[in-house]
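Q: Sending over a structure as structure tokens; questions will come in a sec.
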Amino acid sequence: NNQVILKDYVVDFPKESDMDLVEGTIAQKLPEGSNEVLLKNLYLSCDPYMRMLMSKTEGPEGFQTYSTGSPLTGYGVAKVLESGHPDYKKGDLVWGFTRWEEYSLVPASMILFKIEHTDVPLSYYTGILGMPGMTAYAGFFEVGLPKEGDKVFVSAASGAVGQLVGQFAKLSGCYVVGSAGSKDKVDLLKNKFGFDDAFNYKEEPDLNAALKRYFPEGIDIYFENVGGKTLDAVLLNMRVHGRIVVCGMVSQYNLAQPEGVTNLQHLIIKRIRMQGFNVTDYYHQYPKFLEYIVPKIKEGKIVYVEDIVEGLEKAAQALVGLFSGRNVGKQVIVLAHE
Ligand code: NDP
């Protein structure tokens, strides 16, 4: 049972060498009376929040940081090999919380959803049909409250969450511009995901000027994935009654001292609502989300780009790559195809 463990707590940017691939053990049978499930992990998801759990200091509220010497935990897609819980049976496919190893014994009380639609790629349950999909859906619709004609800006726009937010915005009759960190990503935004426009933030010396160019009348909804300088420039360009959906701040997760944001007073003058959210508060909407999105995938009205690497030996590198923008689309690790 190969595992990826945390070797050392991470101080700034995570490195491959902060993790190690080791051989661990796994219970061959469920202990008598156990209500756990024994999983064969098929796909593992690389998510930016995992970095916060790699620090020695406490993670965000409700999160337990990783322990050195133990496998990382995270979202994944798995097959049930044995189940002591009545809701799951041998052979079921599930997505939810698992560990970075080939086989995992997990309590069924963890986040675990049974997969009902299998006529789509199973890896989608780490992305568009899993946690990032729910994040884009809840963040954009429930927190952003879009109206037709709204002007929407999305940062980290080609990533797991961002590419969906842009497509949801287009389907809702909004004008949407995305920022991303390479020419290839900008091309994807414009030519694959249907953003009205897109730019490479690394090539914009003045983000305020760039936003003024793309949003001469200002921004109604900013879907915040990165924080820092981008947020500061956005604050100067928001419209009256605009909404800032604070999904994440990936540019800050590796900094010992987060960057200061200086333009917050614009919230007052422009009556802006800036609201953070946590996707786990919206999982009760998962069935409604599937009803919305599955037909759109099948009809080709929503597309999804994944960046899939093979094998646990590539896992650490894939996770670290999120923080240099190496991933193009949703970063997935495939362990087995079933
Ligand atoms: P992505 O697939 O977008 O991967 C991360 C991307 O972030 C990279 O590809 C890179 O893209 C960009 N990035 C990395 N470092 C920086 C930096 N210093 N400045 C600007 N951009 C950077 O990740 P996800 O779509 O999975 O996550 C997007 C955001 O959503 C994250 O902030 C994450 O924490 C958050 N999130 C929040 C949830 C919630 O419940 N609130 C749930 C899930 C995710 P590029 O090349 O374009 O720079």
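The values are calculated or read from the model by the stated rules, or taken from the named source; none is laboratory data. Remember, predicted model here, so these are calculated numbers, not experimental data. Methodologically, a virtual Cβ is constructed for each residue, glycine included, from the backbone with ideal geometry; neighbour enumeration extends over all protein chains shown. Surface accessibility is based on the protein's heavy atoms, side chains included, excluding ligands, DNA and RNA. Shrake-Rupley method; radii C 1.70, N 1.55, O 1.52, S 1.80 Å.
Q: Does region 1-143 classify as rounded, prolate or oblate by the C-alpha gyration tensor (a ≥ b ≥ c root eigenvalues; a/c under 1.5 gives rounded; else a/b over b/c gives prolate, otherwise oblate)?
A: Oblate, because a/c is 1.5 or more while a/b does not exceed b/c.
Q: Within the chain, which complete DSSP H helices have Cα atoms spanning at least 30 Å along the helix axis and a mean Kyte-Doolittle hydropathy of 1.6 or higher?
A: Membrane-span-like by this criterion, though nothing is claimed about a membrane: none.
Q: Continuing with the same structure: Select from region 63-156 those GluC sites (Glu not before Pro) which occupy a DSSP coil region and have at most 13 other Cβ atoms within 10 Å, ordered by residue number.
A: Those that pass, being in a loop and sparsely packed, are Glu116, Glu148.
Q: Over the chain, calculate the relative contact order: mean separation of alpha carbon pairs under 8 Å at least 6 apart, over the residue count, as a percent.
A: 18
Q: Then there's this: Per-residue ellipticity at 222 nm for the chain, helices alone: DSSP H runs ≥ 4 residues times -39500 (n - 2.57), over residue total, nearest 500 deg cm²/dmol?
A: Mean residue ellipticity at 222 nm (helix-derived): -5000 deg cm²/dmol.
Q: Anything over 27 Å Cα to Cα? Flag those among Lys40/Lys192; Lys114/Lys296; Lys151/Lys270; Lys151/Lys296; Lys56/Lys79; Lys229/Lys298, in the order listed.
A: Lys40/Lys192; Lys56/Lys79; Lys229/Lys298
Q: How large, in percent, is the carbon and sulfur part of the accessible surface of the chain at a probe radius of 1.4 Å?
A: Of the solvent-accessible surface of the chain, carbon and sulfur hold 51 percent.
Q: Before I look further, what does region 191-316 give for accessible area per residue, probe 1.4 Å, in whole square angstrom? Please report the intermediate quantities before stating the final value.
A: Numbers: 6340 Å² over 126 residues.
With the other protein chains kept in place, region 191-316 gives 50 Å² per residue.
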